[in-house]
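Structure first, then comments.
All of the numbers you see were taken from the coordinates with simple rules; none came from a lab. The structure displayed is predicted, hence computed values, not measured ones. Don't worry about glycine lacking a Cβ; one is built from the backbone with ideal geometry, like all the others, and counts go over all protein chains shown.
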Amino acid sequence: MAVVLVALVTPLTSCGGGSDADQVVGTTTTGIVPSERCLVRLHGKGETGQETVQADGVAVVSPIGNADGWGGRQWLYFPEDEYERAIGIVRDAVEECRQIIINGFSNGAAFAGKLYCRGETFGGRLVRVVIDDPVVDGAVLDCSPDPTVEVTLYWTGELDVTAQPGWDCTERDWTCEGGVTIGINAYAAALATEVQQSAHDTHIWYNDAPELSQWA
């Protein structure tokens, strides 16, 4: 797959992500209807979705978060009614997809981690979840993924100092289930996976990670 959406460097305090593509204002994606294989990008806090694009038979679907945050949008995945709103947006976005890969960054990665741990498969269509530099919160505790879904966890290391176990997320207005971070080691252990080093050493989305084009 040759789709690469280049991320802009964002301040560490933003815990966002993004790309140089035009952003879309609203509550869902716009543009062409996705089909067959869909790569779903879940943006960081303070950002928004993008137009759906296709390349090499893959639709890159970028839905818009369910809540306001830092002048843009965010994924609010707790309490339960907000999680249902957030997952409902993604379900609508992938309605026509045959196979799905979820790729979340920062706040979107934390949401991706939760839906993986909830055992979400989108009706057996979810191939894998790629969690990129997440807010390492308690959303993944008591993780019970579906065994058919693979997971990859990328970490740049820039959040190492801040996101230590027990760090209070209100200090930088991070969105954290449970109110504190649990640290990357506990986060990986909850997912039952190893931490993979990102291609970046700063808080930037690894948009062309190899797992994003592995459909089997």
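Some observations on this one:
- DSSP assigns beta bridges within segment 27-201; of those with both partners inside it, close to 25 percent run antiparallel.
- With θ taken as phi - 60° and the Karplus curve 6.51 cos²θ - 1.76 cosθ + 1.60 applied, the whole-hertz 3J(HN,Hα) list for segment 135-146 is 6, 7, 9, x, 5, 9, 5, 6, 5, 9, x, 6 Hz, x standing for glycine and proline.
- The HN-Hα couplings worked out from phi for segment 111-119 by the Karplus form 6.51 cos²θ - 1.76 cosθ + 1.60 (θ = phi - 60°) are 5, 4, x, 5, 5, 4, 6, 7, x Hz, whole numbers, x standing for Gly and Pro.
- Other residues lying with their Cβ under 12 Å from the Cβ of Ala112 contribute a combined charge of +1, Lys and Arg counting +1, Asp and Glu -1.
- Proximal charge balance of Cys38 [Cβ under 9 Å; K/R count +1, D/E count -1]: +1
- Phi to ³J(HN,Hα) by Karplus 6.51 cos²θ - 1.76 cosθ + 1.60 over segment 49-65, Hz, x for Gly, Pro: x, 9, 4, 5, 10, 10, 7, 6, x, 10, 8, 9, 10, 10, x, 9, x
- Relative protection proxy for 94-101, 45-52, 133-140, from highest mean packing down: 133-140, 45-52, 94-101 (other beta-carbon atoms within 10 angstrom).
- Approximate spin-label separation Asn185-Asp201, in nm, with each point projected 7 Å along Cα-to-Cβ: 2.2
- Each Lys or Arg adds one and each Asp or Glu takes one away; over the other residues whose Cβ falls under 12 Å from the Cβ of Thr175, this sums to -1.
- Charged side chains reduced to their Cβ positions (Lys and Arg at +1, Asp and Glu at -1) give segment 27-201 a dipole of some 400 debye around its Cα centre.
- Assuming charge only on the beta carbon of Lys and Arg (+1) and of Asp and Glu (-1), the dipole of segment 117-216 about its Cα centre is about 320 debye to the nearest 20.
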